[in-house]
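Okay, so here's the structure we're looking at.
The values are calculated or read from the model by the stated rules, or taken from the named source; none is laboratory data. This structure is a prediction, so every number in the text was calculated from the model and none was measured. Methodologically, a virtual Cβ is constructed for each residue, glycine included, from the backbone with ideal geometry; neighbour enumeration extends over all protein chains shown. We work out accessible area using only protein heavy atoms, side chains counted, and drop any ligands, DNA or RNA first. Shrake-Rupley method; radii C 1.70, N 1.55, O 1.52, S 1.80 Å.
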Amino acid sequence: MMEPADSGTARTHRIAVIPGDGVGVEVIEAGVAVLEAAARADGGFALELTSFPWGSDYYLEHGRMMAEDAVDVLRGFDAIYLGAVGSPAVPDDVTLWGSILLIRQTLDLYVNLRPVRLMPGVEGPLRSKGPEHIDMMCVRENTEGEYSGVGGRVHRNLPGEVAIQTDVFTRTGVERVVRHAFELATRRRGRLASITKSNAGRHAFTFWDDVVESVASEYPGVEVDRLLVDAAAAFFVTRPERFDVVVGSNLFMDILTDVGAVIQGGMGLAASMNVNPDGGVPALFEPVHGSAPDIAGRGIANPTGAVWAGAMMLEHLGERTAAAAIMSSLESVLAAGEIRTPDLGGTARTGDVAGALVGGVAAGVEAA
Ligand code: GGG
């Protein structure tokens, strides 16, 4: 158990911290330092952080990714802050289904929000596209679709081996995430792109289109664009400015948001929030990137995505001033361009970036 940032303050938010594997440990350490600095500078709330050792090392010792009662334990927190999962020593489907996917499905965190924004000062890979062109909110359906986990394998290792993977799309599941995306669009620039492959996926995705059409009738002020996922991937690169809110199925948006991460400067910058907007369960905040075994342990991972996810967490918990202070510190450090990790062309270490961000947070709170 880590100490609350200030035990004498009025509000205490209880956060479950799961650093996980690889660079997850490094970026969460940076993120926690920034969160605690924000709480100190704000002075109006405290963070009570409880760290859990779950992940691939835990699996190698205990035969499971998390404790048996992990999800019930997590229910008792106000939010979950997660780093990354994945290790060359454990099959990827074991790590995912034993941790993130299990948490998302069991807590019914059906909306995965992934902002894609090119920050001033960050040189993205797209020539002639600046921050004014890349600013969207991606909404990933997070509990069903291609990630329903329905299927099986029979006749293993025989010539007649069969693998069946079934996508599951329910009216409840599609309608609730699409409605959330429409709500977001009304609060942003009033444009919604719905992503499918309904020319080929003629059952599930024509169904998705029908649901979008029916929900759209309740939002006449939102302009709807229906796009095939392949076309959307191309437009993310050639015309990112056409996107405001983007909604799609679990797999499609997982892939598309990696394209989004790259056009905003790299995987290390992307943040996400897994939430059940109906409430009653903690939301989970994580950088989009995985455990990056190639650079893990070297202290050079970019903590931006983790820090940004931390700001989203504070915002979700109602700590708007502290969240805005973290974002303004992040924007200043990135714009100054002096303290950058190698993925952004710099030589700084993860801890150097965290130190600079901590320094900027107090100024951000004062300015608010
Ligand atoms: N930051 C958590 C993490 O490790 N993400 C990598 C990953 O593969 N996630 C799967 C998913 O988001 O569905």
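Which peptide among 30-37, 166-173, 248-255 comes first, and what is the full order, when sorted by highest mean count of other Cβ atoms within 10 Å?
Working: 30-37: 25.1, 166-173: 15.0, 248-255: 22.5.
Per-residue Cβ counts within 10 Å, averaged per peptide and sorted highest first, yield 30-37, 248-255, 166-173.
Which length gain, in nm to one decimal place, applies between ASP108 and ALA231 when the Cα-Cα distance is subtracted from 0.36 nm times their residue separation?
The span from ASP108 to ALA231 would gain 41.3 nm if fully extended.
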Margin query: Using Cα-Cα distances under 8 Å and only pairs 6 or more residues apart, what relative contact order does the chain have, in percent?
Written below: 22 percent
Next item on the list: Output the peptides 191-201, 70-80, 117-127 sorted from most to least packed, where packing is the average of other Cβ atoms within 10 Å over each peptide's residues.
Entry: 191-201, 70-80, 117-127
Notebook entry, point to check: Which ³J(HN,Hα) values, rounded to whole Hz and listed in residue order, are derived for the range 315-331 from phi using the Karplus coefficients 6.51, -1.76 and 1.60 in 6.51 cos²θ - 1.76 cosθ + 1.60 with θ = phi - 60°, glycine and proline given as x?
Noted result: 4, 4, 7, x, 8, 5, 5, 5, 5, 5, 5, 5, 5, 6, 5, 4, 4
Check: Once you treat every alpha carbon in the chain as an equal point and sum by Debye, what is log10 I(q)/I(0) at q = 0.06, 0.11, 0.12 Å⁻¹?
Finding: -0.22, -0.76, -0.92
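Apply the a/c threshold of 1.5 to the C-alpha gyration tensor of the range 118-269 and tell me whether it is rounded, prolate or oblate.
Values: a/c = 2.47, a/b = 1.37, b/c = 1.80.
Cα axes put the range 118-269 in the oblate bin.
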Next item on the list: Could you go through the range 120-126 in sequence order and give the Karplus-derived ³J(HN,Hα) for each residue, using 6.51 cos²θ - 1.76 cosθ + 1.60 with θ = phi - 60°, rounded to whole Hz, and x for Gly and Pro?
Entry: x, x, 8, 8, x, x, 8
Item checked: THR12 long-range amide H proximity, modeled H, under 5 Å -> ALA46
Item checked: Dipole magnitude of the chain, debye to nearest 20 (Cβ charges: Lys/Arg +1, Asp/Glu -1, about Cα centre) -> 680 debye
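Normalising by the residue count of the range 118-269, find the relative contact order in percent from Cα pairs under 8 Å and 6+ residues apart. Don't jump to the answer; show the numbers that get you there.
Numbers: 242 pairs, mean separation 53.6, N = 152.
Across the range 118-269, relative contact order equals 35 percent.
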Next item on the list: Would you compute, from DSSP H runs of 4+ residues alone, the mean residue ellipticity of the chain at 222 nm, taking -39500 (n - 2.57) per run and dividing by the full residue count, rounded to the nearest 500?
Entry: -12500 deg cm²/dmol
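Sorted by average packing, counted as other Cβ atoms within 10 angstrom per residue and highest first, what order do 135-143, 288-296 take? Display every interim value, and only then the final one.
On the way: 135-143: 24.9, 288-296: 20.1.
Averaged packing, sorted descending, gives the order 135-143, 288-296.
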Check: Taking the Cα centre of each part, how many Å lie between the range 52-125 and the range 171-214?
Finding: 26 Å
Next item on the list: Could you please put TYR59, TYR219, TYR81 in sequence from largest to smallest accessible area, using a 1.4 Å probe?
Entry: TYR59, TYR219, TYR81
Checklist line | Kirkwood Rh and Cα Rg combined as Rg/Rh, the range 296-368 | finding: 0.99
Note to self: Projecting each Cα onto the charge dipole of the range 202-294 (Lys/Arg +1, Asp/Glu -1 at the beta carbon, about the Cα centre), which of GLY265, SER217, GLY279 comes out farthest on the positive side?
What the structure shows: GLY265
Note to self: 7 Å from Cα along Cα→Cβ at both GLU175 and LEU251: what's the point-to-point distance in nm?
What the structure shows: 2.6 nm
Next item on the list: Please list, in chain and number order, the residues 5+ apart from ILE300 or on another chain whose amide H is under 5 Å from its amide H, with Hs placed from the backbone.
Entry: THR350
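Taking the Cβ-Cβ separation of ALA362 and ARG14 as r and a Förster radius of 25 Å, what is the calculated FRET efficiency to the nearest 0.05?
Values: r = 24 Å, r/R0 = 0.96.
Efficiency, rounded to the nearest 0.05: 0.55.
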Notebook entry, point to check: Amide H to amide H, which residues 5 or more places from ALA271 or on other chains are under 5 Å from it, using H placed in the peptide plane?
Noted result: VAL288
Check: Relative to the present Cα-Cα distance, how much length would full extension add between ARG75 and LEU60 at 0.36 nm per residue of separation?
Finding: 2.9 nm
